[in-house]
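Student: Got a structure here, written out as structure tokens. Questions coming.
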Amino acid sequence: MLMRHPTIAAAAAAAASILLLMIAADGQAATTTPPSPPPAAIGNYCKPRERDALLAFKEGVTDDPAGLLASWRRGGGQLQEDCCQWRGVRCSNRTGHVVKLRLRNDHAGTALAGEIGQSLISLEHLRYLDLSMNNLAGSTGHVPEFLGSFRSLRYLNLSGIVFSGMVPPQLGNLSNLRYLDLSRIRLSGMVPFLYINDGSWLAHLSNLQYLKLDGVNLSTVVDWPHVLNMIPSLKIVSLSSCSLQSANQSLPELSFKELEMLDLSNNDFNHPAESSWIWNLTSLKHLNLSSTSLYGDIPQALGNMLSLQVLDFSFDDHKDSMGMSVSKNGKMGTMKANLKNLCNLEVLDLDCRLEYGNIMDIFQSLPQCSPSKLKEVHLAGNSLTGMLPNWIGRLTSLVTLDLFNNSITGQVPSEIGMLTNLRNLYLHFNNMSGTITEKHFAHLTSLKSIYLCYNHLKIVMDPQWLPPFKLEKAYFASITMGPSFPRWLQSQVDIVALAMNDAGINDTFPDWFSTTFSKAKLLEFPGNQISGGLPTNMENMSLEKLYLKSNQIAGLIPRMPRNLTTLDLSNNSLSGPLPLNIGSPKLAELNLLSNRITGNVPQSICELQNLHGLDLSNNLLDGEFPQCSGMSMMSFFRLSNNSFSGNFPSFLQGWTELSFLDLSWNKFSGNLPTWIGNFSKLEILRLKHNMFSGNIPASITKLGNLSHLDLASNSISGPLPQYLANLTGMVPKQYYTNEHEERLSGCDYKSLVTMKGLELEYDEENVTVVTIDLSSNLLTGVIPEDITYLHRLINLNLSSNYLSGKIPYSIGNMQSLESLDLSKNMLYGEIPQSLSDLSSLSFLNLSYNNLVGGIPSGTQLGTLYDQNHHLYDGNDGLCGPPLQKSCYKSDASEQGHLMRSKQGFDIGPFSIGVVMGFMAGLWIVFYALLFRKSWRVAYFCLLDKVYDEVCVIAVVGWARLTGRTDPRLLMSHVSWSSIDSDESYE
């Protein structure tokens, strides 16, 4: 829902105020309210015993930020000691006794702290006690039992005090009580609760008219309707969020026939609505049954509640104390009740309550009285079909018409322009079509909010038309309003929020833009074709959020409004350098994605200390990013696709709130820092296509929220880090946690992921793609087995590295895996059989490795091969279906030889050692021969002798083989032998 109706709350407050005035008037004669009478005029001062009791109460107050009890003191004259003149204290004119104590806190940060001291028991004549919205629960946190001793008390308000434990049944002694409020404000987180075990003591409050126990646990008070039925004086009952179990008890006779207001919202009744006794309370004026889990059709008995003014039967999803969405069976089916006779009905709220229905039928069941008193109709989120009736103009008192998020078709009837009191018109998210003209707005003089977005409508106005209204909120997203900028908007000087997304505007910003929308807090114009420069004089506007993405805006970025917190100028044609002073010191989100901005980032950007998100990606920026160590609130930081250089930015070390970091496609270099593991909230880390080197720091496994890791296309070397299972963001959750950090509305969470062999774009604003991409690096070693514990991983890309070893045996445990690329590595061994268990796998590439053996059987792998016949290429040792090569044609020795030859490609440490040893020995011999002459002579003589011997043996052997025994040949042999002998030298 984008809005909620204030009328119900206002009506309830008005009813309570009237009752309060009645109670106060009952004792008005007994109280004195003179401003500051002179001492002589005072007839009765407060009683010393009661003054002492009040001062003792003050001593129990440990903190009084607003000085509420500053006037409570002794000394300083008789007038100052008169407690009847103290702030919040009223006394009886006749007796001088304290009869009223009102210390309610109405402002944040000004609550009294301490305890409700028992000294107040001395105020025996007290009729009115209001300590609400303070921190007076004391050390025990219990409601004081002595409050049951104030027999004269008519008004008791302890709402907003965070009590716990059981409500003391002694409060049942307050027989004169008419107003009791013990309600609790809703707090986030698990807090102790206040409860009532046995509600029978409530029946003793026979004069009670106002009972409010919101947030008090009544789950054990099964007979709570019977208890209420024993208090016939009740007029207002509020039991919201009391854990009540049912409202279908049998009540043969209703005693509380004066009941005017009943609030049972946010209880889990969980039974048919028709079975409840509530519809018999025909005296009711205000009935709130929102989010009560009552189901079935809206009963016909509702049509008999003729006094009804406000009916809230809506259903809102809410979250429990852990932040989880709680789904209730709140659908009602159809609208059976005929409300034509409910002439007093002013507010009808059935948001998200009907299963289906026709909008025409429901309008025909509304009150047909003349004049109509119906002011608000809320039918949002009910899957209603049909067309709006043309006679809608008869609902002349209508202030709010809310038909958001249905399936209503047809045109918007022009008769809607007759609703002169209409202030809020919500028709967004339907299927309405047609053209809206001046006639639809002819008499809407009260119109302040109009939501027409996401229909199939077109607004066509005469350029000279002057609207009869002054809009404050207007949402026209996806409504055709162009091509020119609508001139009639020039008169809407009270605009606070205006959205014209995808409105077909093909124009420049008008000259009156900055002056007409000077009060605007939110302006949205994405998805148009607005050209030219940004508006001038924007620095004087009140803008807080400006969305102009996906237009054709060009030129420089001018000085922006001072109060601006979100600026989205992405996907435009802005050029030139970034401004030295953007003029918006409160800026929290700045998105300049996909423009033509050039130059360096100025140092002045570091002055934006409130920045949570900065996106400068896809521009022409260069140089080093300034050292902005003080921007510690940053959670989204993207510089991708520029020409930034330098090492990994050291100032990021202090940005501990980062959840999205993207430095990809730049010229960053150097090693990744070890402190990268300090980003405890980091979900997305993208550093691809840079020049980073060195190892992957082991501390990266400390990133417990990381779900997107992309370091592809760098020069990172070394092994994969151990303990990858510590990346718990990629592991199924054992308990509920938030899916991700809160996303920033002005930032674009789209990411390119190399997956399934393609560059795919994913919008990770709501769903994060769980991915690891380390491809195209210089990684070595094996794939750690514990990577298979990352069961949420969807994409794993380790291709184009130097990884060796075997594919992890338990890879089949990664059941979420859709894309697996291990190609172009040096992996060997067989493909694990468990790979065929990956039922979600839709892309696989194992090509160009050293894998051997049979391919695992399985339908999934067969389908993948049919889609890509190259997924096993470059693995000569693989065999069996679906390949043509049979595993039975190769014996084990041949496979072993192939295995050894393949493994020989992997140069291990032993081979390197052998080569180095051989080279060292060779050089030692060389140097010995170079510096020792005698060694050289002996060495070469030896070579000559060996040569001669070999030659003689070869010649003789050849002669014998050919049968030639010439004596000359033998003499030659003898002569050569004698020459080589030692005797020849003698």
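Student: If we only count strands (runs of 3 or more DSSP E) wholly inside the range 664-718, which ones have 3 or more residues that are in contact (Cβ under 8 Å) with a residue 12 or more places away in the chain and more than 18 Å from S640 (Cα to Cα)?
Tutor: In the range 664-718, the matching strands (runs of 3 or more DSSP E) lie at 715-718.
Student: Based on this model, can you work out whether N695 counts as of a type outside the set (A, V, I, L, M, F, W, C), over 26 Å from N610 (Cα atoms) and buried (at least 20 other Cβ atoms within 10 Å of the Cβ)?
Tutor: When the stated conditions are applied, N695 does not pass them.
Student: Does any residue of the range 82-91 turn out to be open to solvent by 70 Å² or more (accessible area, probe 1.4 Å) and not in a helix (DSSP H, G or I)? Can you show your working first?
Tutor: If we filter the range 82-91 for residues that are open to solvent by 70 Å² or more (accessible area, probe 1.4 Å), which is where we start, we get 87, 90.
Subset that is not in a helix (DSSP H, G or I): 87, 90.
Looking through the range 82-91, at least one residue is open to solvent by 70 Å² or more (accessible area, probe 1.4 Å) and not in a helix (DSSP H, G or I).
Student: Still on this structure: Which of (1) within 16 Å of L706 (Cβ to Cβ); (2) touching a residue at least 40 places away in the same chain (Cβ under 8 Å) does F648 not meet, given it meets every other one?
Tutor: Of everything listed in (1) within 16 Å of L706 (Cβ to Cβ); (2) touching a residue at least 40 places away in the same chain (Cβ under 8 Å), F648 misses just condition (1).
Student: Pairs needed: first member in the range 826-853, assigned to a helix (DSSP H, G or I); second member anywhere, polar (S, T, N, Q) and at pLDDT 90 or above; C-beta distance under 7 Å; at least 6 residues apart or different chains.
Tutor: Between residues of the range 826-853 that are assigned to a helix (DSSP H, G or I) and residues that are polar (S, T, N, Q) and at pLDDT 90 or above, the close pairs are S834/S810.
Student: Something else now. Which one of the conditions (1) at pLDDT below 95; (2) open to solvent by less than 60 Å² (accessible area, probe 1.4 Å); (3) of a type in the set (G, A, S) does A113 fail to meet, given that it meets all the rest?
Tutor: (1)
Student: When you look at N229, is it out of contact with any Gly (no Cβ under 7 Å at 6 or more places or on another chain), at positive phi and either open to solvent by less than 50 Å² (accessible area, probe 1.4 Å) or not aliphatic (A, V, I, L, M) (or both), yes or no?
Tutor: Judged against the criteria, N229 is not a match.
Student: Based on what the data block shows, is K285 of a type in the set (K, R), more than 39 Å from the chain's Cα centre (by Cα) and at pLDDT 90 or above?
Tutor: Numbers: of a type in the set (K, R): yes; more than 39 Å from the chain's Cα centre (by Cα): yes; at pLDDT 90 or above: yes.
Yes: the conditions hold for K285.
Student: To continue, here is another question. So I450 fits all but one of (1) surrounded by fewer than 18 Cβ atoms within 10 Å (Cβ to Cβ); (2) of a type in the set (A, V, I, L, M); (3) in contact with a Phe, Trp or Tyr (Cβ under 8 Å, 6 or more places away or on another chain); what number is the exception?
Tutor: So I450 meets the others, but not (1).
Student: Also, quick follow-up: Let me spell it out: the conditions are (1) open to solvent by 10 Å² or more (accessible area, probe 1.4 Å); (2) at pLDDT 70 or above; (3) out of contact with any strand residue (DSSP E or B) (no Cβ under 7 Å at 6 or more places or on another chain), and L846 meets all of them except one. Which number is the exception?
Tutor: For L846, the exception is condition (1).
Student: Quick test for you: out of S604, S594, pick the one residue that is out of contact with any strand residue (DSSP E or B) (no Cβ under 7 Å at 6 or more places or on another chain) and at pLDDT below 95.
Tutor: Going through S604, S594 in turn, just one is out of contact with any strand residue (DSSP E or B) (no Cβ under 7 Å at 6 or more places or on another chain) and at pLDDT below 95: S604.
Student: Name every residue in the range 808-820 that is open to solvent by 10 Å² or more (accessible area, probe 1.4 Å) and either of a type in the set (S, T, Y) or at pLDDT 95 or above (or both), in order of residue number.
Tutor: Of everything in the range 808-820, those that are open to solvent by 10 Å² or more (accessible area, probe 1.4 Å) and either of a type in the set (S, T, Y) or at pLDDT 95 or above (or both) turn out to be Y809, S810, S816.
Student: What's the total number of residues in the range 352-384 that are among the acidic types (D, E) and under 20 Å from P272 (Cβ atoms)?
Tutor: The number of residues fulfilling the criteria is 1.
Student: So S433 fits all but one of (1) over 28 Å from Q309 (Cα atoms); (2) modelled with pLDDT of 95 or more; (3) surrounded by 16 or more Cβ atoms within 10 Å (Cβ to Cβ); (4) small (G, A, S); what number is the exception?
Tutor: Looking at each condition in turn, S433 falls short on (3).
Residue-by-condition table, conditions (1) closer than 25 Å to L452 by Cβ; (2) modelled with pLDDT under 95:
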position: G330; (1), (2): no, yes
position: A337; (1), (2): no, yes
position: N344; (1), (2): no, no
position: V347; (1), (2): yes, no
position: Q368; (1), (2): no, yes
position: L374; (1), (2): yes, no
position: L388; (1), (2): yes, no
position: V399; (1), (2): yes, no
position: S407; (1), (2): yes, no
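Student: Looking at the range 492-528, which of its residues are more than 32 Å from the chain's Cα centre (by Cα), under 21 Å from T435 (Cβ atoms) and open to solvent by 10 Å² or more (accessible area, probe 1.4 Å)?
Tutor: The answer is N506, D507.
Student: For N344, state whether it is more than 39 Å from the chain's Cα centre (by Cα) and in contact (Cβ under 8 Å) with a residue 40 or more places away in the chain.
Tutor: yes
Student: While we're looking at this one, here's another question. Might you check whether a residue that is in contact with a Lys or Arg (Cβ under 8 Å, 6 or more places away or on another chain), surrounded by 16 or more Cβ atoms within 10 Å (Cβ to Cβ) and either within 17 Å of L136 (Cα to Cα) or at pLDDT below 90 (or both) occurs anywhere in the range 31-51?
Tutor: yes
Student: Return the residues of the range 351-404 that are charged (D, E, K, R), open to solvent by less than 60 Å² (accessible area, probe 1.4 Å) and assigned to a loop (DSSP other than H, G, I, E, B); say none if nothing qualifies.
Tutor: D351, R353
The values are calculated or read from the model by the stated rules, or taken from the named source; none is laboratory data. Note that the structure is a prediction, hence the values are computed from the model and not measured. Neighbour counts are summed over all protein chains in view; Cβ atoms, including those assigned to glycine, are modelled from backbone coordinates with ideal geometry. For accessibility, only protein heavy atoms count, side chains too; no ligands or nucleic acids. Shrake-Rupley method; radii C 1.70, N 1.55, O 1.52, S 1.80 Å.
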